[in-house]
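The values are calculated or read from the model by the stated rules, or taken from the named source; none is laboratory data. Note that the structure is predicted; figures quoted are calculated from it, not measured. Virtual Cβ from ideal backbone geometry, glycine too; neighbours counted across all protein chains shown. The protein model used for the area step is the full one, side chains on, heavy atoms only, and it has no ligands, DNA or RNA in it. Shrake-Rupley method; radii C 1.70, N 1.55, O 1.52, S 1.80 Å.
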Amino acid sequence: MIKEIFGVLALMVLGGCASVNYTYEGQKYSSKESFHQAVDSHVAGVLASISPLPSPVSRKSLVFAIPSEAAIVAEATSRFVKSQGSQPVGPAKEILENIPKSTFKNIKIFFDAVKKKNIFASAQFVEMPTMIGTLEASNDSDALYYIEAARGSGQWFYHSSKGGKQIFAYDRSGSTAVGHVNAFLDAVLAQAARD
């Protein structure tokens, strides 16, 4: 998740850029406002493509957790300081304030999709204050969460009372965001049907 931030920052540092241009889904944006509008429009389009199930597959609730936007910014800033030896300023600061916002939205879309799909009787969204943590399942609820203990080590986990804690994997080979979200939904459906 954080890799995309460092890729952009590395290009800026090496290229000596004085201004920030954003790239999202193959399109370039010259302002943070147009960039965020594109992200919001993209997320809305993906969610519009999801058709809810007529009734939930599971009578349980789902607790869905990801690091908060503030946690993502703090981690990206910390990694920048470790690699560059100073606090981010100028374009680097702008990147570290804006890319995590899009990262957060592009991860939260999975929760919004699960909720809209109507897989569980209810779904609760939790923002974790750090990049690491764990959630426990109960007899009435399953937990699905994302953590990133170290750079490049991000992982989803699914915890249920029946199956315990497991690595949650889904097919990431699709070429579109709709394909990724649908693959994620298929994997969640498989977990929900097991219980």
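The table below lists the values:
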read-out	value
Check: the chain dipole with +1 on Lys, Arg Cβ and -1 on Asp, Glu Cβ, in debye	180 debye
Given charges at beta-carbon only (K, R positive; D, E negative), |dipole| of segment 87-144 in Debye	300 debye
Most mobile of Ile167, Ile107, Ile99 in a GNM of the chain (Cα contacts under 10 Å)	Ile167
Carbon/sulfur fraction of accessible area - segment 47-134, other protein chains in place, 1.4 Å, %	56 percent
Among Thr176, Pro100, Ser78 the positive-end extreme of the charge dipole of the chain (Cβ point charges)	Thr176
Backbone HN-Hα couplings from phi across segment 31-37 [Karplus 6.51/-1.76/1.60, Hz, Gly and Pro as x]	9, 5, 5, 5, 4, 5, 5
Entries of Lys105/Lys162; Lys32/Lys82; Lys116/Lys165; Lys60/Lys165; Lys28/Lys101; Lys116/Lys162 with Cα pairs more than 21 Å apart	Lys105/Lys162; Lys32/Lys82; Lys116/Lys165; Lys116/Lys162
Value of [θ]222 nm, deg cm²/dmol, for the chain, DSSP H segments ≥ 4, -39500 (n - 2.57) each, nearest 500	-16000 deg cm²/dmol
Magnitude of the charge dipole, segment 14-91, Cβ model with Lys/Arg +1 and Asp/Glu -1, debye to 20	240 debye
